[in-house]
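**Student:** Sharing a structure here in structure tokens format.
The values are calculated or read from the model by the stated rules, or taken from the named source; none is laboratory data. Predicted, not measured: the structure shown is a model, and the values here were computed from it. Please note: Cβ atoms are built from the backbone with ideal geometry, for glycine as well, and neighbour counts cover all protein chains shown. Calculation scope for accessible area: heavy atoms of the full protein, side chains included, ligands and nucleic acids excluded. Shrake-Rupley method; radii C 1.70, N 1.55, O 1.52, S 1.80 Å.
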Amino acid sequence: MLVTPDGSRTALNTRFGEAYGSRHGAASQARHVFVEGTGTHEHPAPRVLEVGFGVGVNARATLARSAARGVPLAYHAFEFDPAPRALLRDVARGGEAENHPAWRALLDAWPEAGGGPTGESSGEIEVTAGGATLRVTFADVLTASLPDGWASALYLDGFSPSRNPDVWTPAFTARLAHTLAPGGVLGTYSAAGHVRRSLEAAGLRVERRPGAPGKRECLRAVREG
């Protein structure tokens with residue numbers, strides 16, 4: 001368990017040797033890069049697709065903002081290596097949306113041991129409560145069936161390109177671009193040149209933004225049309 005400077009928590013993933021969220025402020029990154037960076041904080045009925053659910057920090061930040069505005073939320077995340085239920089609960093303790101009914105329902109349905117000894121799980125959880133639907137698919141997003149033209153926002157939050165290069169390739173980025181509805185926005189903490197070029201090659205309009213604490217820049221990419 002890691003407590004970050006903004007008071008929020010994250011944890012270390014032993015498979016990739018990185019923290020699930022920013023060590024400089026996990027909740028700050030979730031709000032700045034993903035919720036606000038994609039315009040989800042202003043959307044009247046956000047539909048969010050997330051690559052890498054992790055320990056749920058982005059999901060809770062999105063839940064909190066949607067609940068505060070009283071708007072419906074549809075959230076679909078892909079997670080290959082689910083963390084144990086107790087870890088999700090510990091990371092959320094004292095944080096935003098900890099007591100949101102959809103988050104509580106998700107925890108109740110979450111596999112207690114997470115991915116188990118092999119580090120993998122399968123299946124899907126979907127819960128609806130408090131004006132929000134949370135769906136987590138336990139699958140390798142690289143080979144999973146992805147929704148077409150559905151997402152108002154896409155959170156690309158895989159582990160770093162150096163640790164988990166497959167989710168940052170031009171081929172996979174092109175698939176992700178098709179999940180966005182026209183006007184949909186992809187947000188990612190990475191500002192690497194090859195990531196930017198992959199997003200542009202997928203037909204998205206890419207913008208550099210100031211980064212969250214600890215990062216100079218992040219990226220925002222829009223599907224026009």
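**Student:** Can you give the convex hull volume per residue for the Cα atoms of the stretch 1-125, as a whole number of Å³?
**Tutor:** Values: hull volume 12.3 nm³, N = 125.
Spread over its residues, the Cα hull of the stretch 1-125 gives 99 Å³ apiece.
**Student:** When every alpha-carbon pair in the stretch 130-225 is counted, what percent end up more than 18 Å apart? Working shown, then result.
**Tutor:** Numbers: 2050 of 4560 pairs.
Counting pairs separated by more than 18 Å, the tail of P(r) holds 45 percent.
**Student:** Quick one: Debye curve from the alpha-carbon atoms of the chain only, equal weights, vacuum; give me log10 I(q)/I(0) at q = 0.09, 0.11, 0.12, 0.13 Å⁻¹ to two decimals.
**Tutor:** One equal scatterer on each Cα of the chain leads to -0.31, -0.47, -0.57, -0.68.
**Student:** Sticking with this one: Which is the longest stretch in the chain that no exposed loop site breaks, taking sites as trypsin sites (Lys or Arg not before Pro) with a DSSP loop state and at most 14 other Cβ atoms within 10 Å? Numbers along the way, then the final one.
**Tutor:** Working: sites that count: 15, 93, 163, 216.
In short, 16-92.
**Student:** When only alpha-carbon atoms are used, what values of Rg and Dmax, in angstrom, describe the stretch 123-165?
**Tutor:** 13.0, 38
**Student:** Based on the alpha-carbon gyration tensor of the stretch 54-157 and its eigenvalue square roots a ≥ b ≥ c, which shape applies: rounded if a/c is under 1.5, prolate if not and a/b is larger than b/c, or oblate?
**Tutor:** On the way: a/c = 1.92, a/b = 1.15, b/c = 1.66.
It is oblate, given that a/c is not under 1.5 and a/b is not larger than b/c.
**Student:** Let me have the relative contact order for the stretch 16-143, percent, based on Cα pairs under 8 Å that are six or more residues apart. Kindly include the intermediate steps, with their values, before the conclusion.
**Tutor:** Values: 207 pairs, mean separation 32.1, N = 128.
Worked out over the stretch 16-143, it gives 25 percent.
**Student:** Keeping all protein chains in place, calculate the accessible area per residue for the stretch 48-123 (probe 1.4 angstrom), answer in Å². Walk me through the numbers before you get to the answer.
**Tutor:** Values: 2850 Å² over 76 residues.
Heavy-atom SASA per residue in the stretch 48-123 reads 37 Å².
**Student:** For the stretch 42-103, which whole percent of the accessible surface, found with a 1.4 angstrom probe, sits on carbon and sulfur atoms? Mind showing how you got there, number by number?
**Tutor:** Working: 1140 of 2100 Å².
The C+S portion of the solvent-accessible surface of the stretch 42-103 is 54 percent.
**Student:** How big is D for the stretch 104-186, in µm² s⁻¹ as a whole number, if Stokes-Einstein is applied with the Kirkwood radius of its Cα pairs at 10 °C and 1.306 mPa s?
**Tutor:** On the way: Rh = 14.7 Å.
The Stokes-Einstein estimate is 108 µm²/s.
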